[in-house]
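> Starting off with a structure, shown below.
The values are calculated or read from the model by the stated rules, or taken from the named source; none is laboratory data. Owing to the predicted nature of the structure, the values given are computational and were not obtained by experimental measurement. Please note: Cβ atoms are built from the backbone with ideal geometry, for glycine as well, and neighbour counts cover all protein chains shown. Ligands, DNA and RNA are stripped out before the accessible areas are found, and what is left, the full protein with its side chains, is counted by its heavy atoms. Shrake-Rupley method; radii C 1.70, N 1.55, O 1.52, S 1.80 Å.
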Amino acid sequence: MDLTPMLIGGEWRAAASTGRAEDVTSPYDGTIVGTVPVAGMDDVDAALTAAEAGAVTWRRTPAHERMQILLRAAEIADERAPEIARTISAEVGKTIAEATREAGRSAEIIRLAAFEGTQLYGKTLPLDANPGTGLDKIGFTVRQPCGVVVAISPFNYPALLVLHKIAPALAAGNAVVLKPASATLLAALTLAGCFVDAGLPAGVLSVLTGPGGELGDALVTDPRVRKVSFTGSTATGERITRMAGVKKLSLELGASCPVIVLADADLELAASAVAEGGYVNAGQVCISVQRVITHPAIAGDFLDALVPKVESIRTGDPSSPDTEMGSLISTREAERVRQAIETAAAGGAQILTGGERDGSTVAPTVVADVDPSAPIAQDELFGPAVAVSAAADWEDAISQANGTGYGLAAGIFTADVAGTVRAIRETDAGSIHINWTPLWRADLMPYGGLKGSGIGKEGPRWAVEEMTELKTVVLHGRPW
Ligand code: NAP
């Protein structure tokens, strides 16, 4: 298959010295989707050198001109949405319906970021309120881009999670070196093409295709890089934290998201929402429902409502419009998930439906009577299974919801306002959804976890803030 080149310093090209290339294959049936270069260390250096120069050009470009280029990129992303959707579906094994929804959000993220890049307001400082300081001084703050941003993204949402990094970074005036997940390089390259074709100056955006395990350290330790924006597993995030040195870090990491279903909940609503929120993208979503904590009085009724809905999810060829759940990202990942379900059953949990694997597809699964301290509740599963356990009251439910090392998002189904207020205060999660599951995101909202789920927030307004630096300026006049 023809090589899809990577982007370095405005040039689309192969790997510089190695000339190596690798196929990207469909996780569903192994067909070759495309071929991409395998970048080496000299490509990393070339991308960072280009970014250093690009960062100077771009920070000297007025915000309104940056915005115009981003708005053109959004138009192009809209035009190319069907191509982006087909690429996502083929690379990830995600259903074409889900991939179409993802591709359709691309342009809107770019537009939101383009606007936020024009909103870099400062504040005046009331310096004379400081004892000993008079009216002869005026202080204010100025925001400026960080400079070179390294963006590293995961496989599961190869358009959304790339754009939630590069669009705000570019809108705020930074140069970006993007290292997308090796499984999903083609979608990232297609999106980068939208910015290049919109007129982004050379060097402002580079996309390196190659293994994170080999290129990652060089990217995150390089002193030319001021900001690392990473989304991926907690293990890789922890490594980046240790390696990066004095840099600004945003880390969007793993999760084991809980849903609490209380005795007064609308059970039909809760069951329908969980039957969706646990299985979108075959459970490979950081905000997927992994745990359901039910009140014993309604546990049986909730499961009776949930299981038939999960059984009715149609699995199969991701490219078919009839398929409701596609494959996992690889057969190896599917086997890991199957084994985790088997281990839960060996520990006393009941598999009510699912648990089987066929190639890279795992059947939608519900596991009941789960011990909250078991690995299937504690460790991120990243697969299409929901683990159900019991909690006697609010106290117990909140304690179980908080009882893992993660804190990305949570959902609570109840009609009890007083209990809800308490739960909002006491649940350690970056997003809390009342009467819905954690699997919900508006692209403009702040998004990011507590505890082992990360540091910092995405969502264009917050990402622009994290991708800029605050300077304080004081004008020293003379007393008059
Ligand atoms: P991953 O294995 O950690 O990989 C993420 C990215 O890091 C990939 O681009 C990978 O490159 C790169 N990488 C690997 N080793 C590296 C190193 N030593 N230094 C720097 N970069 C390195 O994660 P994944 O399997 O792609 O994604 C799944 C994880 O992402 C889950 O844990 C999920 O919860 C998390 N996630 C979190 C959020 C959130 O918002 N909190 C959103 C989505 C996903 P290669 O692909 O080349 O190895």
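> To test your reading of the geometry: what angle, between 0 and 90 degrees and rounded to tens, separates the Cα axis of helix 267-277 from the longest principal axis of the chain?
With rounding to tens, the tilt is 50 degrees.
> Identify all aspartates and glutamates with a Cα-Cα distance to Lys247 below 13 Å; exclude those on the same chain that are fewer than 8 residues away in sequence.
The reachable aspartates and glutamates, counting only those whose Cα sits under 13 Å from Lys247, are Asp222, Glu466, Glu469.
> Looking at the chain only, what percent of DSSP beta bridges run antiparallel? Nearest 5 please. Mind showing how you got there, number by number?
On the way: 30 of 68 bridges.
Just about 45 percent of them are antiparallel.
> Just the number, please: carbon plus sulfur as a percent of the accessible area of the chain, 1.4 Å probe, no ligands or DNA/RNA counted.
Looking at the chain in its full context, I get 54 percent from C and S.
> Tell me the angle of helix 63-79 to the major Cα principal axis of the chain, expressed in degrees between 0 and 90 and rounded to the nearest ten.
The angle comes out near 40 degrees.
> Okay, moving on. Percent relative contact order of the range 1-60, based on C-alpha pairs within less than 8 angstrom and at least six residues apart? If you can, show how the numbers build up before the last one.
On the way: 83 pairs, mean separation 20.5, N = 60.
After rounding, I find 34 percent.
> With just the Cα atoms defining each centre, how far is the range 183-237 from the range 1-57? Give it in Å.
10 Å
> While we're on this one: Does the range 28-92 come out rounded, prolate or oblate, given a ≥ b ≥ c as the square roots of the eigenvalues of its C-alpha gyration tensor, rounded meaning a/c under 1.5 and, failing that, prolate meaning a/b above b/c?
Working: a/c = 5.15, a/b = 1.32, b/c = 3.90.
The shape class here is oblate.
> Enter the angle in degrees (range 0 to 90, nearest 10) between the Cα long axis of helix 160-171 and the first principal axis of the Cα atoms of the chain, meaning the one along which they spread out most.
Result, in degrees: 20.
> Something else: Report the gain in length on full extension from Glu22 to Asp304: 0.36 nm times residue separation, minus Cα-Cα distance, nm rounded to one decimal. Please list the in-between numbers first.
Details: separation 282, 0.36 × 282 = 101.52 nm, distance 4.71 nm.
Residue separation times 0.36 nm, minus the Cα-Cα distance, leaves 96.8 nm.
> To the nearest 20 debye, what charge dipole does the chain have about its Cα centre, counting +1 at the Cβ of each Lys and Arg and -1 at the Cβ of each Asp and Glu? All intermediate terms of the calculation are to be shown ahead of the outcome.
Values: 39 positive and 57 negative charges, 437 e Å.
It comes to approximately 2100 debye.
> Another question, then. Answer rounded, prolate or oblate for the range 148-237, using the Cα gyration tensor with square roots of eigenvalues a ≥ b ≥ c: rounded when a/c is under 1.5, else prolate when a/b is larger than b/c, else oblate.
Taking the square roots of the gyration eigenvalues as a ≥ b ≥ c, the range 148-237 is oblate.
> Go through Thr365, Gly355, Gly407 and say which Cα lies farthest out towards the positive end of the charge dipole of the range 311-441; charges sit on Cβ, +1 for Lys and Arg, -1 for Asp and Glu.
Comparing the listed Cα positions along the dipole, Gly407 ranks first.
> On to the next question. How big is the Kirkwood radius of the chain, worked out from every pair of different alpha carbons and given in Å to one decimal?
Details: mean 1/r = 0.0428 Å⁻¹.
In the chain this quantity evaluates to 23.4 Å.
> Could you give the spread of the C-alpha atoms of the range 1-137 along their three principal axes, from largest to smallest, in whole angstroms?
Computed over the Cα atoms, the extents are 72, 40, 27 Å.
> Now for a separate question. Would you kindly state how much longer the chain becomes between Ser182 and Arg478 on full extension, computed as 0.36 nm times their sequence separation minus their alpha carbon distance, in nm to one decimal? Spell out each step's value before the answer.
Working: separation 296, 0.36 × 296 = 106.56 nm, distance 5.97 nm.
Gain on stretching Ser182 to Arg478: 100.6 nm.
> Could you give the dipole magnitude of the range 335-480 about its Cα centre, charging the beta-carbon of Lys and Arg +1 and that of Asp and Glu -1, in debye to the nearest 20?
Once rounded to the nearest 20, the dipole reads 720 debye.
> Turning to a different aspect of this structure: Can you compute the label reach from Gln68? Point 7 Å from Cα along the Cβ direction, backbone N cut-off under 11 Å, restricted to the range 146-174.
Under 11 Å, as judged by backbone N against the label point of Gln68, lies no residue of the range 146-174.
> Find how many whole Å separate the alpha carbon centroid of the range 81-116 from the alpha carbon centroid of the range 287-352.
A separation of 25 Å, based on Cα centres.
> Going toward the positive end of the dipole of the chain, with +1 on Lys and Arg Cβ and -1 on Asp and Glu Cβ, which of Gly452, Ala346, Asn130 do you reach last?
Asn130
> I've got another one for you. Straight-line reach from Lys248: which lysines fall under 30 Å, measuring Cα to Cα and dropping same-chain residues less than 8 apart?
By straight Cα distance, Lys248 reaches Lys123, Lys165, Lys179, Lys227, Lys451, Lys457, Lys471.
> Using protein chains only and a probe of 1.4 angstrom, how many square angstrom of Cys146 are accessible, to the nearest 10?
20 Å²
> Please work out the average accessible area per residue across the range 379-441, using the 1.4 Å probe convention, and give it in Å².
39 Å²
> Choose one of Met6, His295, Pro154: the residue whose Cα lies farthest towards the positive end of the charge dipole of the chain (beta-carbon charges +1 Lys, Arg; -1 Asp, Glu; about the Cα centre).
It is Met6.
> Dipole size in debye (nearest 20) for the range 103-156 around its Cα centre, Lys and Arg Cβ +1, Asp and Glu Cβ -1?
On the way: 5 positive and 4 negative charges, 29 e Å.
Result for the range 103-156 is approximately 140 debye, rounded to the nearest 20.
> While we're looking at this one, here's another question. Can you tell me which aspartates and glutamates have their Cα less than 13 Å from the Cα of Lys94? Leave out same-chain residues fewer than eight positions away.
Asp29, Glu102, Asp317, Asp322, Glu324
> Report relative contact order for the chain in percent, whole number only (criteria: Cα-Cα under 8 Å, sequence separation at least 6).
Value for the chain: 18 percent.
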